[in-house]
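Take a look at the structure below.
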Amino acid sequence: MNSRRLRTALVVTAAVSAGLLMTACEGDATATSPAASAESTASGTAASGSATPGASGSGTSGSGSSATSGGSSGTDSGTDSSDEAGDKTGYGQSCGTNDLTWSAQEMSQAGGYFLISVKAKDGITCVLPGGLPVVAFGSGGTEAAAAEQVAGDELTLSGDTTAYAGLSPKSTSGNEGVEYTTVIVSAASDDPNPESLEIGTVLVDEPLVTNWHTAQQDAVPFTS
């Protein structure tokens, strides 16, 4: 009887002890979970905080690079717009033959000569090279030599400003020569667009031409 009671008491004690142990373990687990959760939360916050500045900085850098590229393109673009405006206005460029309006008028002074006149076309401002125009008669290409020993100054043509050159078709005496009805003129020897002027039938032999002048009286080609 006593032995049975002793065994019963031991069983009860073991059960109570087991219950106490389980309660203690659960308490430890509960205490540990908030700490772990807090640590996890803190770690997550730190990670989030670290990632955000990095992403923001990267985005700013990318935007800056794009802006710089746009500026260079604008400069090119800006550079590309300045070169087109010059072509349209013709300002400051050398006069090409087709930038000018040409005419030839027969004059009686100095034994007879032709007064060649040029003006810049509407909307064009250009520089006429110093010296004499390039003048040749007909398809034969009889070119006029210089009537003046010193080259003239370059002239800027615009609006009503007119330049004049005097052309003597014959600087020799006698009746020798070749008859022509047209004269070919250009602003420069390498100009690809020469102009043909009708002058009527004229006897040509060793022709002479003056430099460009802004006054008609300075463009008389005296041959002797």
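Worth a mention:
- Residue-wise HN-Hα coupling along the stretch 150-156, computed from phi with Karplus coefficients 6.51, -1.76, 1.60 (Hz; x: Gly, Pro): 10, 5, x, 8, 5, 10, 8
- Chain lengthening between residue 143 and residue 197 when straightened (0.36 nm per residue, less Cα-Cα): 18.0 nm
- Ranking 180, 113 by solvent-accessible area of protein heavy atoms (1.4 Å probe, all protein chains present), from largest to smallest, gives 180, 113.
- Taking amide H as placed 1.01 Å from N in the peptide plane, the amide H of residue 182 sits under 5 Å from that of 138, 199, each at least 5 places away or on another chain.
- Surface exposure of the stretch 115-180, expressed per residue as accessible area with a 1.4 Å probe, stands at 50 Å².
- Rough spin-label spacing in nm, given labels placed 7 Å along Cα→Cβ, for residue 214 and residue 150: 1.7 nm
- For residue 128, residues with placed amide H under 5 Å, excluding near neighbours: 95, 155, 156, 157
The values are calculated or read from the model by the stated rules, or taken from the named source; none is laboratory data. Bear in mind that the values here come from a model prediction, so they are computed numbers and not experimental data. For neighbour counting, all protein chains shown are included, and Cβ atoms are generated from backbone atoms with ideal geometry for every residue, glycine included. All accessible areas refer to the heavy atoms of the entire protein, side chains included, with ligands and DNA or RNA removed. Shrake-Rupley method; radii C 1.70, N 1.55, O 1.52, S 1.80 Å.
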